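Just passing along the structure, written as structure tokens.
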Amino acid sequence: MDFGIKNRLSRIFNPKTGKTVMLAVDHGYFQGPTTGLRDMKNVIPLVPYADSLFVTRGVLRNCIDPKTDTSICLRVSGGPSILGELTNEDITTSMEEAIRLNASGVGMSIFVGAPNEDRTIANLGRLVNEAERYGMPVLAITAVGKDMARDARYLGLACRIAAEIGAHFVKTYYCDDFHKVVEGCPVPVVIAGGKKIPETDALQMTEDAIKAGASGVDMGRNIFQSDNPVGMIKAVRAIVHKGASAKEALEIYKKR
């Protein structure tokens, strides 16, 4: 792995802990103005508490302060909306654009076991080929279709494929026996927050994932749809970077 990739990864993963709290606010690329992101001004207070912001170029250009110290991981795949076939994604943003926007990484979804599996995995390979020419790390997101089980066998398969194709880190869902997913993946694994769940459950999931070997989170709805978003991202940070328990983190979340 060359200097450029390592340097950019050090802006996404805190060098002191080797872990990351990524804030995912890319949902609008297929969901439109979803709850919590209808007005992107709601995201601004959260940005300083994230190690990296996972975002589309449109929102980055129009809604994020260029003076931010938070690193950017740029969503570069898309195409279909929630009205169409979500697995029919393609690469939508060029590497030159990612560099112009000073991204520290780029990310795209793959759909293992779903329609268009082969095309999305081939797209990942092409993205890695292009990204490595510029020293740009690639995040592969193991998207899960509605008919696929979120279990260690399936998620382990998807994460390993992503790493084998060349992804530098992988985002996937937490599941039972999550340590098996991490053990079978030779690159760092971060967990997706998924749909909004009670704060106590989201914090417990974070604690369990970190204990099982996750290198952090890329969490969105469980932060920006919380009734105390700043408190929630602070609580997640405490677990990821300080080893706090879910119970201790809940007290942080409750503070206004």
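Taking the stated definitions as given, is THR35 more than 17 Å from PRO137 (Cα to Cα), β-branched (Val, Ile, Thr) and either touching a residue at least 24 places away in the same chain (Cβ under 8 Å) or open to solvent by less than 50 Å² (accessible area, probe 1.4 Å) (or both)?
It is true that THR35 is more than 17 Å from PRO137 (Cα to Cα), β-branched (Val, Ile, Thr) and either touching a residue at least 24 places away in the same chain (Cβ under 8 Å) or open to solvent by less than 50 Å² (accessible area, probe 1.4 Å) (or both).
Applying the selection to the stretch 113-160, what residues are part of a helix (DSSP H, G or I) and of a type in the set (A, V, I, L, M, F, W, C)?
Matches in the stretch 113-160: ILE121, ALA122, LEU124, LEU127, VAL128, ALA131, ALA152, LEU155, LEU157, ALA158, CYS159.
Can you pull out every residue in the stretch 202-230 that is in a loop (DSSP other than H, G, I, E, B), in contact with a helix residue (DSSP H, G or I) (Cβ under 8 Å, 6 or more places away or on another chain) and crowded, with 18+ Cβ neighbours inside 10 Å?
ALA212, ALA214, SER226
Within 16 Å of the chain's Cα centre (by Cα) and either at negative phi or surrounded by fewer than 14 Cβ atoms within 10 Å (Cβ to Cβ) (or both), is that true of SER77? Spell out how you get there, then give the answer.
On the way: within 16 Å of the chain's Cα centre (by Cα): yes; either at negative phi or surrounded by fewer than 14 Cβ atoms within 10 Å (Cβ to Cβ) (or both): yes.
So SER77 passes the test.
List pairs: first in the stretch 154-177 and crowded, with 24+ Cβ neighbours inside 10 Å, second in a helix (DSSP H, G or I), Cβ under 6 Å, 6+ apart or cross-chain?
Short answer, once both residue conditions are applied: LEU155/VAL181; CYS159/VAL181; VAL170/CYS159; VAL170/ALA162; THR172/LEU155; THR172/CYS159.
Something else about it: Residues of the stretch 231-252 being in contact with a strand residue (DSSP E or B) (Cβ under 9 Å, 6 or more places away or on another chain) and either open to solvent by less than 30 Å² (accessible area, probe 1.4 Å) or of a type in the set (Gly, Ala, Ser) (or both), which ones?
Hits for the stretch 231-252 are MET232, ILE233, VAL236, ILE239, VAL240.
Can you tell which of GLY4, GLY32 is more than 20 Å from THR172 (Cα to Cα) and touching a Ser or Thr at 6+ places or on another chain (Cβ under 8 Å)? Steps first, answer last, please.
On the way: GLY4 fails: touching a Ser or Thr at 6+ places or on another chain (Cβ under 8 Å).
The unique qualifying residue is GLY32.
Checking GLU97 against (1) free of Cβ contacts under 8 Å to residues at least 12 places away in the same chain; (2) not in a loop (DSSP other than H, G, I, E, B), which single condition isn't satisfied?
With (1) free of Cβ contacts under 8 Å to residues at least 12 places away in the same chain; (2) not in a loop (DSSP other than H, G, I, E, B) applied to GLU97, the lone miss is (1).
Determine whether ILE110 is surrounded by 15 or more Cβ atoms within 10 Å (Cβ to Cβ) and closer than 23 Å to GLY166 by Cα.
yes
The values are calculated or read from the model by the stated rules, or taken from the named source; none is laboratory data. Source: prediction; values computed, not measured. Quick reminder, even Gly has a Cβ in these numbers, built from the backbone with ideal geometry, and neighbours come from all protein chains shown. The accessibility values were calculated without ligands, DNA or RNA, using every heavy atom of the protein model including side chains. Shrake-Rupley method; radii C 1.70, N 1.55, O 1.52, S 1.80 Å.
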